[in-house]
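Reading through the structure tokens given below for one structure.
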Amino acid sequence: MRRRILLLHAHPMPHRSRVNRHLVTAAESIAGITIRHLYELYPDYMIDVDAEQKLLLDHDIIVLQHPFFWYSAPALVKEWLDLVLQYGWAYGEGGTALQGKSLLQSVTTGGAAEVYCSAGRNRHTVREFLLPFEQTARLCGMTYLDPFVVHGTGQLQTEADLAPHSQAYCTLLSNLASGIDLPPSP
Ligand SMILES: Cc1cc2nc3c(=O)[nH]c(=O)nc-3n(C[C@H](O)[C@H](O)[C@H](O)COP(=O)(O)O)c2cc1C
């Protein structure tokens, strides 16, 4: 059965984005995907909670795509989580709206892959830094999928540098839309 994907793209400086812009443009080719640019929709952070909740209900897989900022997400992503995932709707008593859905984070990092490990400069993996997002998804009864990460964005300058990443992203999204499951998340 085909699964509906909602991609929430959050980049505070889209005019300066190279990698996220490339990825999100490539994702437009996925049949049936819904793409929302949160910073364009909510430049004043006045999030339309009803609209966001309705969209979540209408989709099976939620993709949060953003650059890695200070080992986390840009501020609007946090605001979106704080406002949209309401008690009694997303979690807590009667809060079952998101149960059975999946969350995929798509993250780009300035740091190279080798600095994101216990022996590296950042001492932790990206997956470890994303733990609050993972546990938020789990609390809401969602499956947290293994994040899609593009490292070392400063080295990705040309179309040839970027293309393998957007191809991998599109393959992943196509598989998810077609109901092909990812390897289990550890
Ligand atoms: C405010 C800010 C904070 C950042 N924090 C991190 C960080 O914690 N770790 C990291 O690897 N890169 C960090 N970066 C680099 C961005 O992740 C990188 O520029 C971005 O992923 C590139 O994607 P883009 O071309 O779509 O902008 C930061 C950049 C900015 C502007």
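Here, each number is a calculation from the coordinates, and none is a lab measurement. These numbers were taken from a predicted model, which means no experiment stands behind them. No Cβ is skipped: glycine too gets one built from the backbone with ideal geometry, and neighbour counts run over all protein chains shown.
Taking the conditions (1) in contact with a Lys or Arg (Cβ under 8 Å, 6 or more places away or on another chain); (2) outside any strand (DSSP E or B) in turn, Leu6 satisfies each one other than (2). May I ask you to verify whether Asp50 is in contact (Cβ under 8 Å) with a residue 40 or more places away in the chain and more than 15 Å from the chain's Cα centre (by Cα)? Taking the combined requirement at face value, the residue does not satisfy it. Quick check: is even one residue across segment 78-88 within 16 Å of the ligand (Cβ to nearest atom) and either without any contact (Cβ under 8 Å) to a residue 24 or more places away in the chain or in a strand (DSSP E or B) (or both)? Looking for residues that are within 16 Å of the ligand (Cβ to nearest atom) and either without any contact (Cβ under 8 Å) to a residue 24 or more places away in the chain or in a strand (DSSP E or B) (or both), one finds at least one in segment 78-88, hence yes.
Picking from residues in segment 95-130 that are touching a Leu at 6+ places or on another chain (Cβ under 7 Å) and in a loop (DSSP other than H, G, I, E, B), the one that is farthest from the ligand (Cβ to nearest atom) is Ala97. Looking across segment 142-184, the residues that are away from the ligand (no atom under 12 Å from the Cβ), over 23 Å from Ile62 (Cβ atoms) and surrounded by 11 or more Cβ atoms within 10 Å (Cβ to Cβ) come down to Ala163, Pro164.
Residues in segment 26-38 that are part of a helix (DSSP H, G or I) and either under 13 Å from Ser106 (Cβ atoms) or more than 16 Å from the ligand (Cβ to nearest atom) (or both): Ala26, Ala27. When residues in segment 140-166 are screened for being assigned to a helix (DSSP H, G or I) and either within 18 Å of Tyr71 (Cα to Cα) or under 17 Å from the mean Cα position of the chain (by Cα) (or both), 4 of them pass. Against the definition (surrounded by fewer than 19 Cβ atoms within 10 Å (Cβ to Cβ), under 28 Å from Arg16 (Cβ atoms) and in contact with a Phe, Trp or Tyr (Cβ under 6 Å, 6 or more places away or on another chain)), how does Tyr42 come out, yes or no? No: the conditions fail for Tyr42. Among the residues of segment 44-66, those that are under 13 Å from Gln86 (Cβ atoms) and among the acidic types (Asp, Glu) comprise Asp50, Glu52. Examine segment 11-23 for a residue that is polar (S, T, N, Q) and more than 26 Å from Asp181 (Cβ to Cβ), and state whether such a residue exists. Yes, the conditions are met somewhere in segment 11-23.
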